1. Consider B:Phe72 carefully, then state whether it is at pLDDT 95 or above, touching a strand residue (DSSP E or B) at 6+ places or on another chain (Cβ under 8 Å) and at the interface with another protein chain (Cβ under 8 Å from one of its Cβ atoms).
2. Would you pick out the residues in segment B:61-89 that are closer than 23 Å to B:Val4 by Cβ and hydroxyl-bearing (Ser, Thr, Tyr)?
3. Could you count how many residues in segment B:6-34 are in contact with a Pro (Cβ under 7 Å, 6 or more places away or on another chain), buried (at least 20 other Cβ atoms within 10 Å of the Cβ) and farther than 21 Å from A:Thr131 by Cβ?
4. Kindly indicate whether A:Thr118 is assigned to a strand (DSSP E or B), facing another protein chain (nearest Cβ under 7 Å) and farther than 22 Å from B:Lys52 by Cβ.
5. Can you give me the number of residues within segment B:1-60 that are within 9 Å of chain A (Cβ to nearest Cβ), among the β-branched types (Val, Ile, Thr), under 19 Å from A:Ile151 (Cα atoms) and touching a residue at least 12 places away in the same chain (Cβ under 8 Å)?
6. Whether any residue in segment A:121-141 is crowded, with 24+ Cβ neighbours inside 10 Å, more than 20 Å from B:Ile28 (Cα to Cα) and touching a strand residue (DSSP E or B) at 6+ places or on another chain (Cβ under 9 Å) is what I want to check.
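The values are calculated or read from the model by the stated rules, or taken from the named source; none is laboratory data. Predicted model, so just to flag it, every value in this text is computed and none were measured. Every residue, glycine as well, gets a Cβ built from its backbone with ideal geometry; the counts of neighbours run over all protein chains shown.
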Amino acid sequence: MRFTLDPNPTKDTLVDQHHNQRSSHLDRRHLLKLGVASVLATALPGRPLRAESAPESCAPPIPKNHGVSNGGSCPYPIPWLDKNGNHNQSPAPNVDLSNIFHFKGKLARCNGFHGMGTDNKGNRFAWGNPTTDYSYMAGEYWAAREAHQGIFTHT
Amino acid sequence: MTPVPTEGLTFSQDGTTATLQMTNVPIIDQPRWPAMDAETTPAFMDFKLVFKATSEPVKYEDPLRQFRFEGFKANAQLEATFRVPSIDFTFKTDPLDTSKCDFAVMGTEVNGKYYEPPKS
């Protein structure tokens, strides 16, 4: 996600396309920009409003005593995006909206948010841009040669 | 992609409204992205995102890429607070119902090994 604060809400701000393949234009003179991107962090979970213990890491375990290794339980990326170094593409009709390959379950995706907000100095800014992009994926995915249940978000 | 605790995602009884809510999600502030040497600063985000499905169905499918999404167009609204502690910066959006988005869908997806192409 790219989250852009624009002190001049009437100005169009063409911003970078995070994790997709379109061209970008950054106008730093007119932007006070807080670019935030989710840490790719299956090992760095967010915390719920009601606290819950952190999920275990999905890193591949190191087999002991010459045991077999089937890889880690991290979700598998979308292959044709991953090969270009991307983990998702901008949501639109007729594109794969999931970040996970070998997945079945509930999915929602949205982008292009618009709104207003206030910083801690009382300044008012417009926020949002075409890549202010959120999703959830809740269901079953296949990794390490077995099915897993999980809920993930792209923010 | 960030794991969501079970309590973080809830649905209305009829399944047409989904609420995703998390706090202290670790993110990065990276103002010079996508520059290759763009520095990052640890930041955190609290957010509440609400999807509401409309009655307009959508289906996106590509047998070559092995995916099928079936669902409905939706409306989505977001409220969030972003914190960058190292520079003492906080930004809080206005309440949820003041935001809007250009594109939203909600439904179900199958892809990869779970995908079966339509029988012709």
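1. no
2. B:Thr81
3. Qualifying residue count for the region: 1.
4. Spelling it out, A:Thr118 is indeed assigned to a strand (DSSP E or B), facing another protein chain (nearest Cβ under 7 Å) and farther than 22 Å from B:Lys52 by Cβ.
5. 5
6. Looking for residues that are crowded, with 24+ Cβ neighbours inside 10 Å, more than 20 Å from B:Ile28 (Cα to Cα) and touching a strand residue (DSSP E or B) at 6+ places or on another chain (Cβ under 9 Å), one finds at least one in segment A:121-141, hence yes.
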